[in-house]
Amino acid sequence: MIRKGKKLLGEMLMEKGFIQQDHLEEALRKAKQSNQRIGEALVALEYATEEEVLMTLAEQLSVPFLKIKNFHISQDVTQKIPAKHVLKYKVIPIKEERGILYLAMNDPLDINTLDDVRLLVGQDVEPVVATLEEIEDAIKKYYGIGAATMQQISDKDAETDKGRNLEMIGGENTELSDTGDMSEDASIISFVNQIFAESFEVRATDIHIEPFEKDLRVRYRIDGLLYDVPVPAAIKRYQAAITSRIKIMSNLNIAERRLPQDGRIELRMTGRSFDLRVSTIPTAFGESISIRILDRSSVLLSLEQLGLGDEGLTKFNMMLKKPHGIILVTGPTGSGKTTTLYACLNKINSIEKMIISIEDPIEYELHGVNQIQVQEKIGLTFARCLRAILRHDPNIILVGEIRDHETAEIAIQTALTGHLVFSTLHTNDAAGAVARLMDMGVEPYLIASSVEGMIAQRLVRLICPHCKKEYVPEPSVADMVCALVPDANPSTLKLYRGAGCEECRFTGYRGRTAIYEIITLNEKIKGLIMQRAPASHIKQVALDVGMKTLRLDGMNRAYEGKTTVDEVLRVAQEEDVVD
């Protein structure tokens, strides 16, 4: 790449054991043919990593090599170079010492960039070597997503319309015409697209855009928890335009800011299809936007992939063989109920069976299943759909959610007339499904006659496989685990947790799995239902015949090294265990 002192870069890489002689010779030929530097050729041929080449180059040039992720950059330093220049040159200022600005660069031999930055900041600049990926990640972190786009909009405003009034009143621009015009601006469109693209890349399930008095906060929900998204401070000035752009994409009324609205966006990106469900609500400082991301291209899980143990899988398969009855899956919003139901349908889907689902919304497209989208605005409710599909000779019916007495009554009558019905309820545990149906006004004898199984579930985060580490738990934690897991021994118990790395965004977790609480109804439980017994009594009887609580199932996953004790305690509360 360059001759500096006595040794060439290729020779130094061989001395360090990063490459072999034949690798170097092939890379030299490729570099000559394609007019590349030797380091670029080695990386392209995958004989050396970018980091190995750059560390060696830094040593050769006597320039520092920096892992930016381990370094904190102050705001005073980042303000030295505007976002548009940082993104143009793919560099980032690191620190300032004795009047010298240190600049992280992927190519420290790029004299033109160094000269341009010196001229821009009006002071001496020295290079520091870093990988391109870490530079780009740092730009997102310290300048925010879409920083260059925000800079372009600000520059355009300053040049073409200095008199424009962008002062916020209650979080909205005073002129609606300005908002409408700006929402179609290429820069605003680009910024919104960047927010979406980034959310898809980090596996977010929700985007929240929340207005406050002095800032506009953007957050992604990843693996069930919300994380702040770094965005430029200037985003607040264009809050109304960004809101209007999203409302236009969702076919919502941009002039209506006082009432909640719901819409939908369909997008395709990098070969994947996304269905975005958009909800807006008016707040004190403007409209807050919540966007649920449904990845239509995601792979449908099988029952075996849900995280069920052998015992749980056996219970599921027994319930799926029932000719009729109701199988209820319970849990809060976002606990994976729909994914479990889809896995059940996928398991029993066959050419001999007529399967119809009623959903709000349709999250996955299931081949061989007739799926109906509920539309409350035109009166197409769960109850109305249920009545209609009974005339279509179904064998199996999926009701997305039992929300009211009418839907519950029809679902139960459907089960009693020879159909297998799947549905969901919002309850804290499996036994609570009985109490919830009674609260809706369903008679106990109907519940006892129709319900075949009740399943509660939660999602727990999986330990990141890239930074997973073994540790010896504190005695109190060990005792708690061993009290629930028969095979565990307090004196030899070892658990696992994630140390935090780039792959998991330094959380220690990556991906999720479900933990379950499964009740199959026997005669004793049916008798308790007929007597209107409280859910705690039903749960105790289920425990007596071998049911695992959510917490117990979760602790088994922690013992197996799939998740952590802290994560299980986060989703499975104390009341999930019955003494």
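Could you check how many residues of region 423-454 are out of contact with any helix residue (DSSP H, G or I) (no Cβ under 7 Å at 6 or more places or on another chain) and among the hydrophobic types (A, V, I, L, M, F, W, C)?
Count: 3.
Taking the condition of being in a helix (DSSP H, G or I), buried (at least 19 other Cβ atoms within 10 Å of the Cβ) and under 25 Å from the mean Cα position of the chain (by Cα), how many residues in region 293-347 meet it?
The number of residues fulfilling the criteria is 9.
Kindly check whether there is at least one residue in region 514-526 that is out of contact with any strand residue (DSSP E or B) (no Cβ under 7 Å at 6 or more places or on another chain), under 20 Å from G309 (Cα atoms), in contact (Cβ under 8 Å) with a residue 12 or more places away in the chain and charged (D, E, K, R).
no
Give me the residue from region 75-85 that is outside any loop (DSSP other than H, G, I, E, B) and touching a Pro at 6+ places or on another chain (Cβ under 8 Å) and, out of that set, farthest from E133 (Cα to Cα).
The selected residue is V77.
State which residue is nearest to P323 (Cα to Cα) when the search covers only region 471-498 and only residues that are open to solvent by 30 Å² or more (accessible area, probe 1.4 Å) and either of a type in the set (K, R) or touching a residue at least 40 places away in the same chain (Cβ under 8 Å) (or both).
The residue in question is L484.
So which residues in region 86-126 are under 14 Å from Y142 (Cα atoms) and either touching a His at 6+ places or on another chain (Cβ under 7 Å) or not in a strand (DSSP E or B) (or both)?
V86, L87, K90, V91
Got a number for residues in region 349-367 being open to solvent by 50 Å² or more (accessible area, probe 1.4 Å) and in contact with a strand residue (DSSP E or B) (Cβ under 8 Å, 6 or more places away or on another chain)?
4
Answer yes or no as to whether R551 is closer than 21 Å to L459 by Cα, touching a helix residue (DSSP H, G or I) at 6+ places or on another chain (Cβ under 7 Å) and in contact (Cβ under 8 Å) with a residue 24 or more places away in the chain.
Yes; evaluated as a whole, the condition is true for this residue.
Within the group I397, I378, I351, which residue is more than 19 Å from L425 (Cα to Cα) and touching a residue at least 12 places away in the same chain (Cβ under 8 Å)?
Answer to the check: I351.
Could you list all residues from region 25-50 that are in a loop (DSSP other than H, G, I, E, B), of a type in the set (D, E, K, R) and surrounded by 14 or more Cβ atoms within 10 Å (Cβ to Cβ)?
Hit for region 25-50 is R37, nothing else.
Taking interchain pairs and intrachain pairs at least six residues apart, which have beta carbon atoms under 6 angstrom, with the first residue in region 196-209 and more than 20 Å from Y509 (Cα to Cα) and the second not hydrophobic (A, V, I, L, M, F, W, C)?
So the pair list comes out as H208/R219; H208/S290.
Which condition number in (1) of a type in the set (A, V, I, L, M, F, W, C); (2) more than 13 Å from S288 (Cα to Cα); (3) outside any helix (DSSP H, G or I); (4) modelled with pLDDT of 90 or more is the one that L259 fails?
Every condition holds for L259 apart from (2).
For region 216-254, name all the residues that are part of a helix (DSSP H, G or I) and closer than 20 Å to T78 by Cα.
Selection gives A233, A234, I235, K236.
With R458, R403 as the choices, which residue is among the basic types (K, R) and in contact (Cβ under 8 Å) with a residue 40 or more places away in the chain?
R458
The values are calculated or read from the model by the stated rules, or taken from the named source; none is laboratory data. Note that the structure is predicted; figures quoted are calculated from it, not measured. All Cβ positions, even for glycine, are placed from backbone atoms using ideal geometry, and neighbour counts span all protein chains on display. With ligands, DNA and RNA removed, areas are computed over all heavy atoms of the protein, side chains included. Shrake-Rupley method; radii C 1.70, N 1.55, O 1.52, S 1.80 Å.
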